[in-house]
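First up is the structure itself, then whatever we jot down about it.
The values are calculated or read from the model by the stated rules, or taken from the named source; none is laboratory data. Model, not experiment: these values are computed from the prediction. Counting neighbours? That spans all protein chains shown, and the Cβs are built from the backbone with ideal geometry, glycine included. Areas reflect the complete protein model, heavy atoms only, side chains present, ligands, DNA and RNA absent. Shrake-Rupley method; radii C 1.70, N 1.55, O 1.52, S 1.80 Å.
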Amino acid sequence: MSHQPRHVVVIGHGMVGARFVDEVARRDPRGERLRLTVVGAEAEGPYNRVLLPEVLSGRLGEADLALPEPALPGLDVRRGTSAAAVDTAARTV
């Protein structure tokens, strides 16, 4: 008997959202338990905001800020998309 992975929507693809996706990929690399949709308002991928002053000062390059994006079955990343409302009863975002 096969079961469908639970669908989880992550709102925000900053450092915390990216870390969550990374941890899910580490714990469930085949996507058997969770299927993720990540919604992030920024058009670019996640980056380490803590290192931003280092880029602005010229000590690091922009590419040094990029956070890894794991290959995870069922991962749906929606960049440039904001969540306007969350309805937990209806299970909609």
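Mind listing whichever residues of the range 60-93 are in a loop (DSSP other than H, G, I, E, B) and closer than 15 Å to Gly17 by Cβ?
Of the residues in the range 60-93, the ones in a loop (DSSP other than H, G, I, E, B) are 60-61, 67-75, 80-86, 88-91, 93.
Leu67, Pro68, Glu69, Pro70, Leu72, Leu75, Gly80, Thr81, Ser82, Ala83, Val86, Val93, listed by residue number.
Applying the condition of being in contact (Cβ under 8 Å) with a residue 24 or more places away in the chain and assigned to a loop (DSSP other than H, G, I, E, B) to the range 46-59 and asking which residue is nearest to Thr81 (Cα to Cα) yields Pro46.
Would you pick out the residues in the range 30-45 that are assigned to a strand (DSSP E or B) and over 10 Å from Gly80 (Cα atoms)?
Our first condition is that a residue be assigned to a strand (DSSP E or B); within the range 30-45, this holds for 34-40.
Within the range 30-45, Leu34, Arg35, Leu36, Thr37, Val38 qualify.
Residues that are touching a helix residue (DSSP H, G or I) at 6+ places or on another chain (Cβ under 9 Å), in a strand (DSSP E or B) and open to solvent by 40 Å² or more (accessible area, probe 1.4 Å) within the range 9-29 comprise just one, Ile11. Can you name the residue in the range 45-86 that is more than 30 Å from Arg30 (Cβ to Cβ) and acidic (Asp, Glu) and, of all such residues, is most open to solvent (accessible area, probe 1.4 Å)? Once the filter is applied, the top-ranked residue is Glu62. Residues in the range 53-80 that are in contact with a Leu (Cβ under 6 Å, 6 or more places away or on another chain) and within 22 Å of Gly12 (Cα to Cα): Leu65, Leu75.
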